[in-house]
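Written below as structure tokens is the structure these notes are about.
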């Protein structure tokens, strides 16, 4: 137990929900900027359209439930959920996909359970998983990154892809995690030499997107939005497992630790999803366990499961376990013996 | 008196004590086979038939079978009824029989049926037991078909597909496409969709119930026309 030893004044302004949500939105900027640079402005259209639907659904439900609409919307939580969901979705997604995702996030995962603070599952990840198992085709068409595509789509193309999906024809490419999954019989050296998408570490474009989210996450950590335990535990567990099975890059080695850290949604998940204060474990030791198990699940599903990326599934599975982890990691209150649990 | 009993039985089976929405019994087939109307209708008919047969038979033997061996006897009766249903379906709706697969024999283990046999039929006269079976079966079946319709509409954008499996080749053209070019929404057809839609149906039923309750309460408290206000003067010690 640490005591704060600071001089007066001791009163400090607590972080309000609105301030936290605004900080989270700001922290997504570096990652989103990298996404826009490499994959074009599709992600911006995603964010705008998903936020619109999320706010509309939230307002409608609040009205139905007889809650103050404007005051609740002012906490920005719907926009944060929508933004996180929109970042996770493939850019240039059709509008109805975004609407269904926003509905699943806001209506099903958030408001049906009672609104912000009562949701046992991360709303953005529920929306993502609902879309992933419902529309596998749309959810697995990722745009080709800058440098590999002939040209990166512009803003007009992005709007066209969203609202008139049938007329949009963009270059798509398998993501690095897809490539690794489908070619588990090749050694990593041959794979990296044969496929330009893999780039140097985590895939062309992807590694910079990951570094962008890492930068945003570190800034949030500095601002005290969350503690380091869950994200560090998750990244450490994922890297440790990847190192354990790496065996120098032979066939079926599952990718290097650096590849796993810088590819897919690892960094985004570690700093923006795992740190969700509502659906994660709350005790310090609990957060370490929660984060580490998410890392283990991500590695297992990525290399042994049916889906290329696994952050959403891993987070949802561990959301189930969070109350259980909290129950067994409840800190002992000072002056009390560690009694037997009922 | 007797009319009252039958009215209460219908109300219980269809609404107040609905096996699927209130007792939450028989959830396994409810969730597994309601991906389309034809599947739901097939299983609903089979369950209804078994429920009527078993309730009647159990009521007939209620004075003969001792308490100690009653459950095995009930299960034997239910299993025979299920076997009959299975053979009938094999004969008249073979494709549907193949689609429903394991869930037909599993009707034997459906809690609704054993629950009604032990909870009602073993204590009541034949006529009432038979009627109770029919109402419970109908209540279960209505929810099954409703759920099947919801999931089929949301999942595929069409309704009444493949009805020829149950009603013969004449029904092949019954399919109604509600939305052209609908993007299949797999979640509604997969098991999680069954859970979500069942939950929404239960919520809707509770909402209707609380609405009825509120209106009844408002009517109770409304002043009767012509009644006089009680006037209190002075202090009450």
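The values are calculated or read from the model by the stated rules, or taken from the named source; none is laboratory data. Computed from a predicted model, the values in this text were never measured in an experiment. Here the Cβ is made from the backbone with ideal geometry for all residues, glycine too, and neighbour counts use every protein chain on show.
Descriptive notes on the structure:
- The single condition among (1) in contact with a helix residue (DSSP H, G or I) (Cβ under 8 Å, 6 or more places away or on another chain); (2) outside any helix (DSSP H, G or I) that residue A:99 does not satisfy is (2).
- A count restricted to segment A:45-74 and to residues that are surrounded by fewer than 20 Cβ atoms within 10 Å (Cβ to Cβ) and either in contact with a helix residue (DSSP H, G or I) (Cβ under 7 Å, 6 or more places away or on another chain) or assigned to a helix (DSSP H, G or I) (or both) stands at 17.
- Qualifying residue in segment B:166-174 (condition: within 14 Å of chain A (Cβ to nearest Cβ) and surrounded by 18 or more Cβ atoms within 10 Å (Cβ to Cβ)): no
- Single residue of A:78, A:60, A:104 found to be free of Cβ contacts under 8 Å to residues at least 40 places away in the same chain and within 14 Å of chain B (Cβ to nearest Cβ): A:104
- Residues of segment A:110-132 satisfying the condition of being more than 13 Å from every other protein chain (Cβ to nearest Cβ), assigned to a loop (DSSP other than H, G, I, E, B) and under 17 Å from the mean Cα position of the chain (by Cα): A:119, A:120, A:122
- Flag if residue B:178 is within 29 Å of the chain's Cα centre (by Cα), away from chain A (no Cβ under 14 Å), surrounded by fewer than 15 Cβ atoms within 10 Å (Cβ to Cβ) and modelled with pLDDT under 85: yes
- Counting the residues of segment A:202-224 that are crowded, with 18+ Cβ neighbours inside 10 Å and outside any helix (DSSP H, G or I) gives 4.
- Residue A:94 within 14 Å of chain B (Cβ to nearest Cβ), modelled with pLDDT under 80, farther than 27 Å from residue A:261 by Cβ and out of contact with any strand residue (DSSP E or B) (no Cβ under 8 Å at 6 or more places or on another chain): no
- Inclusion of residue A:84 among residues that are in a helix (DSSP H, G or I), over 23 Å from residue A:31 (Cβ atoms) and away from chain B (no Cβ under 14 Å) is not warranted.
- The listed residue being under 24 Å from residue B:100 (Cβ atoms) and in contact (Cβ under 8 Å) with a residue 24 or more places away in the chain, out of B:157, B:168, B:173: B:157
- Qualifying residue in segment B:189-199 (condition: more than 13 Å from chain A (Cβ to nearest Cβ) and under 14 Å from residue B:31 (Cα atoms)): yes
Residues are listed down the side, and each one gets a yes or a no for (1) closer than 30 Å to residue B:3 by Cβ; (2) out of contact with any helix residue (DSSP H, G or I) (no Cβ under 9 Å at 6 or more places or on another chain); (3) surrounded by 15 or more Cβ atoms within 10 Å (Cβ to Cβ):
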| position | (1), (2), (3) |
| --- | --- |
| B:78 | yes, no, yes |
| B:84 | no, no, no |
| B:87 | no, yes, no |
| B:104 | no, no, yes |
| B:122 | yes, no, yes |
| B:137 | yes, no, yes |
| B:146 | yes, no, yes |
| B:159 | no, no, yes |
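- Qualifying residues in segment A:133-168 (those that are crowded, with 21+ Cβ neighbours inside 10 Å and at pLDDT 85 or above) - the one nearest to the other protein chains (Cβ to nearest Cβ): A:134
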